[in-house]
Every structure is written in C-alpha cells, then in structure tokens.
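**Student:** Below you will find the structure I want to go over with you.
The values are calculated or read from the model by the stated rules, or taken from the named source; none is laboratory data. Everything numeric here is computed off the predicted structure, so don't read it as measured data. Cβ coordinates were reconstructed from backbone atoms using ideal geometry, including for glycine residues, and neighbour counts include every protein chain displayed.
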Amino acid sequence: MKPAIEKLVLNSETNHLPSSLLQRQFYVAVLLVFCIFLSINTFAQKQQPEKKKDSTKVEKLDEVIVKAVRVKPDAPVTHSNITKKEIAKRNLGQDIPMLLNYLPAVISSSDAGAGVGYTYLNVRGSNGERVNVTINGIPYNDAESHGTFWVNLGDFASSTENLQLQRGVGTSTNGSGAFGASLNILTDAISETPYAEISNSFGSFNTRKHTVKLGTGLIDDNIEIVGRLSNIYSDGYIDRAFTDLKSYFLQGSYINNHTLIKVLAFGGKEKTYQAWNGITAAQLAENRRQNPLTYENETDNYEQNHYQIHWNERFNEHWSTTVGLNFTKGKGFFEQLKEDTDDISLYNGIVAATDVNSSGDPITDVIRRRWLDNKFYVANFNINYKNEKLDIINGVSYSKYTGDHFGEVIWARQFAPNASIRDRYYFSDAKKTDISIFSKATFKLTKKFAAYLDLQGRFIDYQTQGLTSKRKPIDVDRRFDFFNPKLGITYAINTKNNLYLSYARANREPNRNDFENGVNTHETLDDFELGWRLHHSTYRINTNVYYMRYQNQLVLTGAIDDVGAPIRATSGKSYRLGIEVDADVKLSRQFSIRPNIALSDNRNIDFFAPIDGVLSDLGNTPITFSPRIIANNMLIFNPVKDLQVTFLSKYVGKQFLSNLDSNVSSQDVLDSYFTSDLNAVYEITPHKVFKSIVVSALVNNIFNKEYVDRGYYFTYDDTWSNPGQTTTLDGAGFYPQATLNFLVGITLKF
C-alpha cells in the first residue's frame, strides 16, 4: 500500500519583489554595513586601554551572541525563556523536545516511545520542519529537508546555558523561516571559577546517561576552556528500538573588557534501530510495544560535527559588532532489508530475480543502504547601536549547503552479471545558498510606548539533479526572493503591566520532499498577535491571542514516505486562531503553580481532496496534528531549602491524522490523552570533596496511561479486489508512547 498524496487546489499568487530590485537593495545594504564596520574599527583604535572586567560585563557579552535572534522580555513577540537551572532538573537523558514538553502549545514525541533517539517538537500545530532552530545564532535546521534531527545532538542540554522559544513568526532569524515557532539556544556561558561534573542516570528500558564535564574557569582573567563527553543508551519502549548516542562538546573562550571570542567544536555519532514506520491499529491492540521490523541491522547510522567561531567586539557603550562562522559536516546511512521485493527495476540492473510471487512477478531479497553526505557553511555579521531610546541591529547571514544523496546495494540473493556489492542504484546532488539581510529597531516613543520594526530580505537558490531513491528523475533549479516585514508596539500600563500588538509576515520555500512530490509553490504567513503581560512579585501572567493566516500552506497530508518523513501538500488558504495563557503563581513559601493553556481553531478553507477517485470539495476542514486544546500544569513543592518536588500534568485534545475531516475518513482521529509526571531534585552541600551532590528522579506517566501522541494516515484504491470499480480505503499507523517509566540520576559537582 502506497500513501496517496492528496491533490489539492494550488493558489498561484506570489509575494515576490522584482529580483533585480532586491539584488540592488542587498548589495547597497552590504556595502553600507561594511562601511559602518570600517568606520567603527577606526574609531575603536582611539579608545582608552581596557580596564579590568567585571562579571556583569561577562554576562552581557555572552548574551549578545544571540541578541540578533532573540527578543527582550517586553518585546511585542510571544515567547518563553528557559534557564540552565530549569533544564537541569529533568535532564536525565531525554532529548531537548521532551524537556520543552510543558511549554505553552507544545507537543513532544519520540519514535521509540521513551523520549530518547528520534524525537519531535510540534508548536501551535506546526511540526519540527516549520520550527526554526539556531545554536548561538547559527541555523541548525537541515537546509534541504528543514528538519531538526535532535538525535545528532545527544545530551546537548548539558551544554545549554539557556534557550528562548518564540511562538508564531517571531523575530527575523537565520536559516529557514519560522512558520510555527523559532527556538534559539545559547551554549555554556563563561564561568569565572573552575568546576568539574560527573553525571550518571539510569532508568526503565535500560536507559542510561553518562556525562563528564570540565571547566577551567577564567585563566589569567581572560581564557576559559570547557569540555564534555556523553554517552546515552536506551533499549526503547518499542521492541528493539534501541538508541546509542555518543557526543562531545568543546568550547574555548577569550574575554577582556570589550572583546569576547568563542571557538566551539561539538557533535556526535548515533545509531538507532528503526521505528519510524509505527504500527497499525490491529498491532496496537495486539501488542503496543511490538516492532514489525525484524532484520537485526535495520538501523540508522549518522555522524555530525559542528565547528563555530564567534567574535563580539564592544567599542563603547553604544556600538558593538558580532561575527559568527560555522562549518558542519555530516555523513551517514540507514540500512534496510527488502524481502521478496518485486521492484527489481529499482536497483538499476544490479540485482537479479531469484523467485516469483503468486502473481508471477519476479522477486528477490535485497539489503540496501541509503546515504546522505553533506556540508554546511554559515557566516553571520551583526552590528548593534543602542542608546536610551533606540536599539538597532543590522545583520547579514550567508549560508551554503552541499549534499549528495545516493543508495548502495550491500547484499543481494543474486547479483546481476558485472554487478557487485556497493554498486549505486541512484544518485543526486544538491546545492543551496541562503542570504538574509535584516534590520531590527526598538524605539522608545514615550515613557509608556515603544515601537518595534523588523525588516528582512531573504534570497534562496536551490539546485538538485539526478535520481531520487525511487529512481525518478529530479531536476530543480529555483530561486526565491522574500521580503518579510514585522512591526509591533508595546504599551506599559504601569511598572507591572504591559500590552503589545504585532504583525509579522513570513515566506518559506518548499523542502526537498515537496519538490519530489511535485510541489514547488512557496507559502506565506501573516501573523497577528495581541498580548498582555502582568508581572508581580508573587505571580506572573502572560496572555496572548493570535491569528495566523496562510496562503498556500504546506500542510501535512497525514501520510509518510518510506523513511517516515511526513508528506506535505498545498492547501490554498488556511488559518490558525488561538489564545494562550501561562502563569506562575507563588501560593506560599513552599508551594507554587505554573499552569498554561492553549485553545485554538485550525482550519483549511475550501479544501479539495480525491474521494473515491473524484476530486471533491470538502469545504472547511481541520488541519492535521493541530489539537484544539493543549493544557499543562506544574505544581511545585519545596518542603525544605534543598528539595524540590514537581507534579507535572499535560492534556492534549484529539488530533486529525488527515485533512479530510472525520465525516469522510473512519480512521483519521487520534484520541485525546492526559498524562502526569513526577520530578524530584535534592541537592546536598557537603563541606569536603564536593561542592554539591544533586540527586534527581523523574517518573514519567505515573498513572500508567496507554496513549498515542502521533500517527499517520494513508489512502489507497481497492480496485484489485473490486474489478471495474474505484473504491478508496483508508488506514492509519500509530506511535505508542511509554507507559509508567522512571529515570534516576546523581551529579557530583567539584
């Protein structure tokens, strides 16, 4: 059964500026920034000798690395911040998406069911391909697929200083456009004192994490070196869905009164047993932990290494610049056994038939490897001017991606004449350049009013040629020129209350899978946000209403391809309308609560899809994987100074696995679910040997709920069993998540 790509009505409207005009604007802007940089450099030479730095300046220089892609607390952008201390409480081996699971409008999931390995992040109904991720301002999303593969960043939370999740379009960022959210991560800040940490955790499904981390502190008040080695392993909740992650992080910093230079190398090597196909409804009822795959080496194998340099120069209290350089190298494959395959022609004459099936078609057994070998280069430059009333950042980001896609036959029951092991049966190469230029300014108009303006031009060239994994020709040579304006205003009612109103536009190009599936239309989003923030000494409340209006939104059809990647199609006009409320209330010295709720309506307008072979107008239909309600709560109890116990709860409403509406399809609804976790952290401060000993425990799904938080849907024609008739049948696949499970850990800090 092959997933059917829904045939939807395309809207050909574009939002491009004339290419020649954009090019002229770009070159003029680059020249202007370059001239400003030269003039500032000349000015800087005349400054007085540096004075001894202080810790507050160290902190500010660290934060300025990500200033260009972050917003301040009072900005007219809906966002959440998480500190290193908050991350550490549940950092026992699960990936970053799982650590963000209790933020507003967020759903996290994993293939193996235990939160380790291939994990996913969904924000406001938008999947990870539509969430822009940066690390120190450097794009992390894969340039071709737009995906974020957290499996390649094992234990990266242990090297994260803080992160900010912006919901909606947010501020202009580097890399692929944010269509649901943007997540920017800042790595470890400079520590003035030396330290060492040994962290170990163990838990259900043979899950374990081992981390060693060292920091020199500031040497001669100028240099610090930090290093980390980690290994995470889990058998997975799903049978044989093991994960083995080995990772490292090395960061060297130089700092003086006005300069910060950071050099980083980090990466990892992963091996995971495949579970991306999920299981059927019948298999779910029979044994929800089963894995239909049985070949012992049905694994994904990938290694990725990142190298970054960041240089921040502060010339005086008004002017500063930041330069960021990055090189990423990734290479790996996944291996598959294809038994009794009748698609002999797929292997380009490499294999020969050894038998026939019941229909008389030639068949054979094949083991194949499908490879990806890529390189990614990034250069960022930002210049910042600020005074009491104005804060303006101008920036340019350039990235270049090259990638080779190819498949090898590593075993066959019988090779064809003149063929041998590792012969390639398909190959295609790809090149992509992405140039972004932006200017962001915050103006204090009066004591109560502040305005925000953000203008971005983004210019993409994408080329790929050759054969796809199904040996279909692919030949793409496309250019996209986008103009993305954003503006907002903040009104301070008093020192504790403020209101904000904002508008943001985002444009986004198709990814590689879209092109392979015949989609080449870009999508456009207009995001309107209205919010109210109330911050008091004992409570905090954030409320916002949003309306996200899409043109040619690439919605998930519900189907997946043969490697578990979601298939998308253009839906014409669609929208997301919602309200989000999150709070932090201190009830007493011992108790506090942090509830949040997201209510939304997510609809395709005038939706068309093939039903029983006929293109039908279904009218307004719900958008896939977009629940109407997501509610979270944290009940925090501090019985004594060094002990914290947190009870966490999450409710997610029903989700549709297709855009057809449940009245058309019988299997496209994912039931709502409610889960609860328990987290405890106790810190001991001995007077000898250790600075502290931290004992952590996390009990997930404490009420042993059997639930599914993700799935897929497909349709197929049943013509073969009904000669002369065209009947469309449907089916679904599911990714069951773990029932009651636990993780316990101990961290020794020197």
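**Student:** In the set T160, T148, which member is polar (S, T, N, Q), in contact with a strand residue (DSSP E or B) (Cβ under 9 Å, 6 or more places away or on another chain) and within 25 Å of N659 (Cβ to Cβ)?
**Tutor:** Just a single option satisfies the conditions, and that option is T148.
**Student:** Being buried (at least 18 other Cβ atoms within 10 Å of the Cβ) and of a type outside the set (S, T, Y) is the filter; apply it to region 574-583 and report the residue that is farthest from Y539 (Cα to Cα).
**Tutor:** R576
**Student:** I'd like the full set of residues that are crowded, with 18+ Cβ neighbours inside 10 Å and over 30 Å from K447 (Cα atoms), limited to region 481-499.
**Tutor:** Answer for region 481-499, where residues must be crowded, with 18+ Cβ neighbours inside 10 Å and over 30 Å from K447 (Cα atoms): D481, F482.
**Student:** Considering only residues that are farther than 30 Å from N633 by Cβ and either assigned to a strand (DSSP E or B) or in contact with a Gly (Cβ under 9 Å, 6 or more places away or on another chain) (or both), which ones fall in region 677-717? Even if it seems obvious, please write down each step before you answer.
**Tutor:** So the first thing to find is which residues in region 677-717 are farther than 30 Å from N633 by Cβ, and the list is 685-691, 713-717.
Passing the criteria: Y713, F714, T715, Y716, D717.
**Student:** Hey, any hits in region 382-394 for a residue that's closer than 30 Å to I309 by Cα, surrounded by fewer than 17 Cβ atoms within 10 Å (Cβ to Cβ), modelled with pLDDT of 95 or more and among the basic types (K, R)?
**Tutor:** No, because not a single residue in region 382-394 is closer than 30 Å to I309 by Cα, surrounded by fewer than 17 Cβ atoms within 10 Å (Cβ to Cβ), modelled with pLDDT of 95 or more and among the basic types (K, R).
**Student:** Another question about this same structure. Kindly indicate the residue of region 279-302 that is in a loop (DSSP other than H, G, I, E, B) and touching a helix residue (DSSP H, G or I) at 6+ places or on another chain (Cβ under 9 Å) and also surrounded by the fewest Cβ atoms within 10 Å (Cβ to Cβ) among those meeting that condition.
**Tutor:** P292
**Student:** For E317, state whether it is within 28 Å of the chain's Cα centre (by Cα) and among the acidic types (D, E). Working first, answer last.
**Tutor:** Numbers: within 28 Å of the chain's Cα centre (by Cα): no; among the acidic types (D, E): yes.
Here the answer is no, as E317 does not meet what is asked.
**Student:** Now, a different point. Just to verify a result, which residue in region 208-251, among those that are assigned to a loop (DSSP other than H, G, I, E, B) and of a type in the set (D, E), is nearest to F734 (Cα to Cα)?
**Tutor:** D239
**Student:** On to the next question. For region 513-564, enumerate the residues that are surrounded by fewer than 16 Cβ atoms within 10 Å (Cβ to Cβ) and assigned to a loop (DSSP other than H, G, I, E, B).
**Tutor:** If the condition is that a residue be surrounded by fewer than 16 Cβ atoms within 10 Å (Cβ to Cβ) and assigned to a loop (DSSP other than H, G, I, E, B), then G518, N520, H536, S537, T538, D562, V563 are the ones that fit.
**Student:** Here's a follow-up. Between residues in region 568-591 that are farther than 16 Å from R508 by Cβ and residues that are hydrophobic (A, V, I, L, M, F, W, C) and not in a strand (DSSP E or B), which pairs lie under 6 Å by C-beta distance while being six or more apart or on different chains?
**Tutor:** Close Cβ pairs (under 6 Å, with a partner that is hydrophobic (A, V, I, L, M, F, W, C) and not in a strand (DSSP E or B)) amount to E580/A105.
**Student:** While we're here: Given (1) of a type in the set (V, I, T); (2) buried (at least 24 other Cβ atoms within 10 Å of the Cβ); (3) part of a loop (DSSP other than H, G, I, E, B), where does V133 come up short, assuming only one miss?
**Tutor:** Unmet for V133, out of (1) of a type in the set (V, I, T); (2) buried (at least 24 other Cβ atoms within 10 Å of the Cβ); (3) part of a loop (DSSP other than H, G, I, E, B): (3).
**Student:** Which of the residues spanning region 323-340 are modelled with pLDDT under 95 and either touching a helix residue (DSSP H, G or I) at 6+ places or on another chain (Cβ under 6 Å) or of a type in the set (D, E) (or both)?
**Tutor:** Passing the criteria: E339, D340.
**Student:** Still on this structure, I have one more. Filter region 181-207 down to the residues that are of a type in the set (A, V, I, L, M, F, W, C), outside any strand (DSSP E or B) and modelled with pLDDT of 95 or more and list them by number.
**Tutor:** F205
**Student:** From the list I309, I279, which one is over 30 Å from I392 (Cβ atoms) and either touching a Gly at 6+ places or on another chain (Cβ under 8 Å) or without any contact (Cβ under 8 Å) to a residue 60 or more places away in the chain (or both)?
**Tutor:** Result: I279 is the single residue among I309, I279 that is over 30 Å from I392 (Cβ atoms) and either touching a Gly at 6+ places or on another chain (Cβ under 8 Å) or without any contact (Cβ under 8 Å) to a residue 60 or more places away in the chain (or both).
**Student:** Please state which one of R549, R603, R576 is charged (D, E, K, R), in contact with a Pro (Cβ under 8 Å, 6 or more places away or on another chain) and under 30 Å from G518 (Cβ atoms). Can you show your working first?
**Tutor:** Details: R549 fails: in contact with a Pro (Cβ under 8 Å, 6 or more places away or on another chain); R576 fails: in contact with a Pro (Cβ under 8 Å, 6 or more places away or on another chain).
So the residue among R549, R603, R576 that is charged (D, E, K, R), in contact with a Pro (Cβ under 8 Å, 6 or more places away or on another chain) and under 30 Å from G518 (Cβ atoms) is R603.
**Student:** So, one more: Just one of S420, S502, S469, S428 is of a type in the set (G, A, S) and either without any contact (Cβ under 8 Å) to a residue 12 or more places away in the chain or surrounded by fewer than 17 Cβ atoms within 10 Å (Cβ to Cβ) (or both); which is it? Spell out the reasoning first.
**Tutor:** Details: S502 fails: either without any contact (Cβ under 8 Å) to a residue 12 or more places away in the chain or surrounded by fewer than 17 Cβ atoms within 10 Å (Cβ to Cβ) (or both); S469 fails: either without any contact (Cβ under 8 Å) to a residue 12 or more places away in the chain or surrounded by fewer than 17 Cβ atoms within 10 Å (Cβ to Cβ) (or both); S428 fails: either without any contact (Cβ under 8 Å) to a residue 12 or more places away in the chain or surrounded by fewer than 17 Cβ atoms within 10 Å (Cβ to Cβ) (or both).
One residue alone meets the criteria, S420.
**Student:** Taking region 324-366, which residues are out of contact with any Ser or Thr (no Cβ under 6 Å at 6 or more places or on another chain), touching a residue at least 60 places away in the same chain (Cβ under 8 Å) and β-branched (V, I, T)?
**Tutor:** I350
**Student:** Let me spell it out: the conditions are (1) within 30 Å of the chain's Cα centre (by Cα); (2) in a strand (DSSP E or B); (3) loosely packed, with under 15 Cβ neighbours inside 10 Å; (4) not aromatic (F, W, Y), and E339 meets all of them except one. Which number is the exception?
**Tutor:** Among (1) within 30 Å of the chain's Cα centre (by Cα); (2) in a strand (DSSP E or B); (3) loosely packed, with under 15 Cβ neighbours inside 10 Å; (4) not aromatic (F, W, Y), E339 violates only (1).
**Student:** Just checking, does region 152-164 include any residue being closer than 26 Å to P622 by Cβ and in contact (Cβ under 8 Å) with a residue 40 or more places away in the chain?
**Tutor:** The answer is no, given that none of the residues of region 152-164 is closer than 26 Å to P622 by Cβ and in contact (Cβ under 8 Å) with a residue 40 or more places away in the chain.
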